[in-house]
1. Pick out the one residue from Val118, Val96, Val133 that is farther than 14 Å from Ser84 by Cβ and at pLDDT 90 or above.
2. Taking the stated definitions as given, is Gln107 assigned by TED's automatic domain parsing to the domain that holds Gln187 and assigned to a loop (DSSP other than H, G, I, E, B)?
3. Would you confirm, using the coordinates I've provided, whether Gln180 is touching a strand residue (DSSP E or B) at 6+ places or on another chain (Cβ under 8 Å), more than 24 Å from Asn71 (Cβ to Cβ) and of a type in the set (S, T, N, Q)?
4. Just name the residue that is surrounded by the fewest Cβ atoms within 10 Å (Cβ to Cβ) out of those in the stretch 84-101 that are part of a loop (DSSP other than H, G, I, E, B) and not hydroxyl-bearing (Ser, Thr, Tyr).
Amino acid sequence: MANRRILVKRRKAVRNIRKITRTMQLIATARFQAAFNRAVATRPYTEKLAELVADLSRAAGDVDHPLLKTNEGVDRAALVVLTSDRGLAGGYNASVLRTATAHLDEQPKGITTDVHMVGKKGISYFRFLRRPVAEQTSGIGDRPRFDQVEPIANGLIDRFVRGEIASAHVAYMKFLSAGQQRPVVVQLLPLQPEVKKGPYGSGSSRRSTTPRSPSRSPAWWR
């Protein structure tokens with residue numbers, strides 16, 4: 001009888017685990033679909049905005065605009081790195097941070113880059129590497145609002161207009177399809193008529209997108 005009761009309890013436990021796993025699967029599928037819909041919906045806007053900026057900068061000619069100027073002789077730059085506040089995102093954070101660190105290492109000698117880190121995972125990783133971070137931002141989540149992003153953008157624009165930085169870049173994961181995303185570094189300031197594209201995306205390199213062995217990556221920030 002004792003063995004029979006144990007078997008009945010185990011069967012109940014298996015059924016409960018199956019129900020919980022099924023519920024988690026449904027929740028994950030719904031969240032993935034919502035994120036996928038947002039990414040697809042914003043792509044035409046971002047692409048058209050990039051084309052508009054490129055057309056305006058090409059047609060500017062002799063127009064004197066502060067965002068089109070090149071701050072010659074300035075030895076400082078800015079890099080905005082977009083990461084998540086939570087883990088369990090596969091190689092998302094690892095790829096973005098690896099691309100960002102490669103961009104920092106490839107800067108010309110004498111150029112100091114101020115890192116504006118967005119996301120707790122990136123903050124923890126740079127703290128682990130003992131790399132300086134000029135500004136830290138967290139709590140934005142997967143649905144950023146304009147009032148959350150505006151201070152970062154306005155701060156970079158003000159510094160560029162005052163001649164404090166020579167350029168501003170952003171490192172993020174570019175959405176290509178549901179099964180393919182690519183970490184890239186894109187120049188924001190000064191505005192350029194054309195965006196240079198390499199074989200691994202805008203501003204990226206082979207080294208920045210090569211997967212690293214899991215044994216060389218600290219597991220606590222994934």
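1. Val133
2. Yes; evaluated as a whole, the condition is true for this residue.
3. So Gln180 does not fit the description; no.
4. Step one: list which residues in the stretch 84-101 are part of a loop (DSSP other than H, G, I, E, B), which gives 84-91.
Then keep just the ones that are not hydroxyl-bearing (Ser, Thr, Tyr); that gives 85-91.
Numbers: Asp85: 15, Arg86: 11, Gly87: 15, Leu88: 8, Ala89: 15, Gly90: 10, Gly91: 16.
Checked the stretch 84-101; the qualifying residue surrounded by the fewest Cβ atoms within 10 Å (Cβ to Cβ) is Leu88.
To keep it simple, each residue is scored yes or no on (1) in a helix (DSSP H, G or I); (2) in contact (Cβ under 8 Å) with a residue 40 or more places away in the chain.
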| position | (1), (2) |
| --- | --- |
| Ala41 | yes, no |
| Glu47 | yes, no |
| Ala50 | yes, yes |
| Arg58 | yes, yes |
| Asn71 | no, yes |
| Leu79 | no, yes |
| Val115 | no, no |
| Lys121 | yes, yes |
| Tyr125 | yes, yes |
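The values are calculated or read from the model by the stated rules, or taken from the named source; none is laboratory data. Predicted model, so just to flag it, every value in this text is computed and none were measured. Reconstructed Cβ throughout: ideal geometry from the backbone, glycine too, with neighbour counts over all protein chains shown.
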